[in-house]
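Q: Below is one structure. I have some questions about it.
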Amino acid sequence: MSKLTSHPEFNAAAEHFIYALDMPEYDAGEMRALIECSLVRVFFRFWLQQAAKDAVWIAVGELIDGRPAFHRIDGWPEQGDGVLDRKWMQRARLWVDWDSIDVWHVIDWLATAERDNHPWLYNLDDDGHPTKLTKCGTLERLVVEATKGLRYRNATAEIVLDRDEEVHVADLGDGYSLVQILTPHALRREGIRMHNCLRHGDHGNVLTTTLTRHYSVRDSSDKPLGTLEVHLGHVRQFAGPCNLAPTSDVIDRVTPMATSWGWSDLYTAILDFPAPDDDEPVVPVPVFENRRRV
């Protein structure tokens, strides 16, 4: 850990990573320290490894006209001063966008541990950081630890909401509707009912501290069938039950409304989740393919 933090660009990387989360309450304090010695550390290591291969461009798996998309990551030195900030702003934006589901899963775990004062927070290495975090050299390993750490949060008791914690916002036909989730309490209830990671941690802070909005697709009996996370008109996640993709019927009901409301990337947001066993995998339509810019 000390070798990474002593790197001349580590502080800039950490600053822009925290900024990319769009969570002002993580700018300082214990949560920032936990994020820095976990997510920021693997984020920074990823880009050091990438720079050893190509410090100017990175290709990602999505295809545009049959070719992978390329993103420039060197900070545009030809623009003059501010190269370091431009470099790490771009890298943080890309990484958080690509791995948003895993990133927020880990943050949920860290927030829960910090709030509930978990014992592992006091098992520290020589640099004063929790060994449970510093032993994780990859994002995948952090996700494993987060999943284990959040198992005890799988509450089964019914959560009762007040009338102003959810609101009906759209009719999707045949008794289906779109409901906006307005409070962290309601978001956790959605996660429990949907059997996905929204049941855990402090993910609900996003509702009260950022421009991110959450919506639930409900059938005529108010059963949730899909959960959407939307940030400034950009659909970040669209998940069905058990962290699978929503069914094609649910997608078809949401698509016209998303188009009329100007939401982008609906189909791309679905690709982060495996298809249900009884449904065909979702294939993105051309209008949503080129969502990232170099």
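Q: Tell me which of these Tyr176 doesn't satisfy, since it passes every other one: (1) assigned by TED's automatic domain parsing to the domain that holds Leu225; (2) surrounded by fewer than 14 Cβ atoms within 10 Å (Cβ to Cβ); (3) of a type in the set (Phe, Trp, Tyr).
A: Among (1) assigned by TED's automatic domain parsing to the domain that holds Leu225; (2) surrounded by fewer than 14 Cβ atoms within 10 Å (Cβ to Cβ); (3) of a type in the set (Phe, Trp, Tyr), the lone unmet condition for Tyr176 is (2).
Q: For Trp88, all conditions in the list (1) modelled with pLDDT of 95 or more; (2) surrounded by fewer than 17 Cβ atoms within 10 Å (Cβ to Cβ); (3) aromatic (Phe, Trp, Tyr) hold save one; what is the number of the exception?
A: Only one criterion is unmet by Trp88, namely (2).
Q: Sticking with this one: Output the residues belonging to region 142-173 that are assigned to a loop (DSSP other than H, G, I, E, B) and either surrounded by fewer than 18 Cβ atoms within 10 Å (Cβ to Cβ) or modelled with pLDDT of 85 or more (or both). Please lay out each step first, then the result.
A: Going residue by residue through region 142-173, those that are assigned to a loop (DSSP other than H, G, I, E, B) are 150, 154-162.
Asn154, Ala155, Thr156, Ala157, Glu158, Ile159, Val160, Leu161, Asp162, listed by residue number.
Q: Taking region 75-124 only, how many residues are in a helix (DSSP H, G or I), under 30 Å from Thr268 (Cα atoms) and among the acidic types (Asp, Glu)?
A: The total comes to 4.
Q: Could I ask something else about it? Spot the failing condition for Val40; the list is (1) within 14 Å of Leu139 (Cβ to Cβ); (2) crowded, with 19+ Cβ neighbours inside 10 Å; (3) out of contact with any Phe, Trp or Tyr (no Cβ under 7 Å at 6 or more places or on another chain), and only one is missed.
A: It fails just one condition, (3).
Q: Would you confirm whether any residue within region 180-203 is at pLDDT 90 or above and at positive phi?
A: As a first pass, look at region 180-203 and keep what is at pLDDT 90 or above: 180-182.
Adding the requirement that they be at positive phi leaves none.
No, region 180-203 has no match at all.
Q: I need every pair where a residue in region 256-272 that is over 16 Å from Gly240 (Cβ atoms) has its Cβ under 9 Å from the Cβ of a residue that is among the acidic types (Asp, Glu) and crowded, with 20+ Cβ neighbours inside 10 Å, sequence separation at least 6 or different chains.
A: none
Q: Of all residues in region 214-269 being among the basic types (Lys, Arg) and modelled with pLDDT of 90 or more, which is surrounded by the fewest Cβ atoms within 10 Å (Cβ to Cβ)? Spell out how you get there, then give the answer.
A: Initial filter on region 214-269 (among the basic types (Lys, Arg)): 218, 223, 236, 253.
This time we only want the ones that are modelled with pLDDT of 90 or more, so: 218, 223, 253.
Details: Arg218: 19, Lys223: 12, Arg253: 23.
Out of the qualifying residues, it is Lys223.
Q: Considering only region 70-83, I want to know if a residue exists there that is of a type in the set (Gly, Ala, Ser) and within 20 Å of the chain's Cα centre (by Cα). Walk me through how you get there before you give the answer.
A: Taking region 70-83 and keeping what is of a type in the set (Gly, Ala, Ser), we get 75, 80, 82.
In the following step, the residues that additionally are within 20 Å of the chain's Cα centre (by Cα) were identified as none.
Within region 70-83, none of the residues are of a type in the set (Gly, Ala, Ser) and within 20 Å of the chain's Cα centre (by Cα).
Q: Tally the residues that are among the hydrophobic types (A, V, I, L, M, F, W, C) and part of a helix (DSSP H, G or I), restricting the search to region 174-197.
A: Keep residues of region 174-197 that are among the hydrophobic types (A, V, I, L, M, F, W, C), which gives 178-179, 181-182, 186-187, 192, 194, 197.
Checking the rest, the ones that are also part of a helix (DSSP H, G or I) come to 186-187, 192, 194, 197.
Residues that pass the stated criteria total 5.
The values are calculated or read from the model by the stated rules, or taken from the named source; none is laboratory data. Keep in mind the model is a prediction, meaning the values are calculated, not measured. Cβ coordinates were reconstructed from backbone atoms using ideal geometry, including for glycine residues, and neighbour counts include every protein chain displayed.
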